[in-house]
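J.: There's a structure below that I have some questions on.
The values are calculated or read from the model by the stated rules, or taken from the named source; none is laboratory data. Note that the coordinates shown come from a computational prediction; the quantities given were computed from them, not determined experimentally. Cβ coordinates were reconstructed from backbone atoms using ideal geometry, including for glycine residues, and neighbour counts include every protein chain displayed.
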């Protein structure tokens, strides 16, 4: 019965992965990727490449450049950190369409290498479990949306997995390097930074800051001396948008999006204030758990980090459909840390791709019902509860008389 259920899950996820792959190929044949977020990155790259880096966050300049790159739609604001503009400048050496497929090929290659590494580490894993893991990842709609939109969430996911592996193997410089890579989406990297800052692995953050110094100097030289304050200003501007500049918070898979469903977009200030308080509270909780984690074993580290990342995903101010791919990271940590609970964990994780696909493609932008309910957000909340419960069980001191 168990093998039949696993085979059924394998068939369903493999079918979903094939369907999403066919959809991507069809969109490529129809030339529909002009609508993607990649045009935003390409615009930022062109601005830097043509020597106007000092105006990278000037909305009039972005509008003018994007009118050439993507005249079919309105301004899709470039609100990423300055060093992302430097990375995009390399792709801007090519035409937009060629650059999109080159970026896709690079991500596929990196994804393949990462899968090969994990396959070798799990050489003793039964083929059925290994096939289930890979088909589940391939079927995860966040991966498809990442390739569809030309986004960078896959890079952040791989960097997060590399950071965890380097921390476990006590390679702080490698971990610091992965932390720098993950900084291209700071809101997704922040929970991991706080989670490792207050323990022995906190040396990783110091090394990461040291490695980040050349990045900052390079951006100051090529983008402009005020690029970092200007980026913070553009982030503030983006946080106050609902529907403009390609920002749709009500479509996000986080608690901020659900607050919009409950309170309505007309209460933007209340939603943003509540979301900020929630984020600060979660970061404080993550810091407190890290502070208490003195002498924790590997299982405790994985469970604590899984809980920190899962809570961070829920509390982050921006979690678009492509960012749901990062959900894989706490899932992997939970799977490796709780072998006794793997049947239950597997049943949830195997159902996630289909559930998320129904959530993204089966509901309107505002979610299901009048309050904008998104089922996958409830799954994320339930997973946070399960991880927290297992972490509490693991960290609870043994009772008197326990052998």
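J.: Return the residue satisfying two criteria in turn: it lies in region 290-299 and is more than 22 Å from the chain's Cα centre (by Cα) and crowded, with 16+ Cβ neighbours inside 10 Å, and of such residues it is nearest to residue 329 (Cα to Cα). Give the steps one after another, and end with the answer.
T.: Taking region 290-299 and keeping what is more than 22 Å from the chain's Cα centre (by Cα), we get 291-299.
Filter once more, keeping what is crowded, with 16+ Cβ neighbours inside 10 Å: 293, 296, 299.
Working: 293: 20, 296: 20, 299: 15 Å.
Per the stated criteria, the residue is 299.
J.: A further question on this structure: Are there any pairs, at least 6 apart or on different chains, whose C-beta atoms fall under 8 Å, with the first in region 263-288 and closer than 11 Å to residue 317 by Cβ and the second modelled with pLDDT under 95 and exposed (fewer than 13 other Cβ atoms within 10 Å of the Cβ), and if so, which?
T.: Short answer, once both residue conditions are applied: 272/240.
J.: Now, a different point. Can you tell which of 192, 239, 209 is within 30 Å of residue 307 (Cβ to Cβ) and over 20 Å from the mean Cα position of the chain (by Cα)? Spell out how you get there, then give the answer.
T.: Numbers: 192 fails: over 20 Å from the mean Cα position of the chain (by Cα); 239 fails: over 20 Å from the mean Cα position of the chain (by Cα).
Sole residue among the options that is within 30 Å of residue 307 (Cβ to Cβ) and over 20 Å from the mean Cα position of the chain (by Cα): 209.
J.: If you don't mind, another one. Do you know which residues across region 253-271 are closer than 18 Å to residue 142 by Cβ and outside any helix (DSSP H, G or I)?
T.: 253, 254
J.: Moving to a separate point now. Give just the number: which of (1) under 18 Å from the mean Cα position of the chain (by Cα); (2) in a helix (DSSP H, G or I) does residue 247 not satisfy?
T.: With (1) under 18 Å from the mean Cα position of the chain (by Cα); (2) in a helix (DSSP H, G or I) applied to residue 247, the lone miss is (2).
Results for (1) under 18 Å from the mean Cα position of the chain (by Cα); (2) more than 21 Å from residue 198 (Cα to Cα), shown as yes or no for each residue.
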{"residue": "310", "(1), (2)": "yes, no"}
{"residue": "314", "(1), (2)": "yes, yes"}
{"residue": "325", "(1), (2)": "yes, yes"}
{"residue": "349", "(1), (2)": "yes, yes"}
{"residue": "363", "(1), (2)": "no, yes"}
{"residue": "384", "(1), (2)": "yes, yes"}
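J.: Do you know which residues across region 241-265 are closer than 24 Å to residue 76 by Cβ and out of contact with any helix residue (DSSP H, G or I) (no Cβ under 7 Å at 6 or more places or on another chain)?
T.: 241, 243, 244, 246, 248, 252
J.: Take residue 317 and tell me if it is in a helix (DSSP H, G or I) and crowded, with 18+ Cβ neighbours inside 10 Å. Break it down into steps so the answer makes sense when it comes.
T.: Details: in a helix (DSSP H, G or I): no; crowded, with 18+ Cβ neighbours inside 10 Å: yes.
It is false that residue 317 is in a helix (DSSP H, G or I) and crowded, with 18+ Cβ neighbours inside 10 Å.
J.: Here's a follow-up. So which residues in region 360-392 are surrounded by 21 or more Cβ atoms within 10 Å (Cβ to Cβ), at pLDDT below 85 and either in a helix (DSSP H, G or I) or on the phi < 0 side of the Ramachandran plot (or both)?
T.: 374
J.: Another question, then. Which pairs do you get when a residue that is more than 17 Å from residue 326 (Cα to Cα), found in region 172-185, comes within reach of a residue that is surrounded by fewer than 21 Cβ atoms within 10 Å (Cβ to Cβ), reach meaning Cβ atoms under 7 angstrom, with the pair 6+ apart or on two chains?
T.: Correct list of pairs: 172/203; 172/207; 173/207; 174/166; 175/166; 176/207; 176/211; 177/211.
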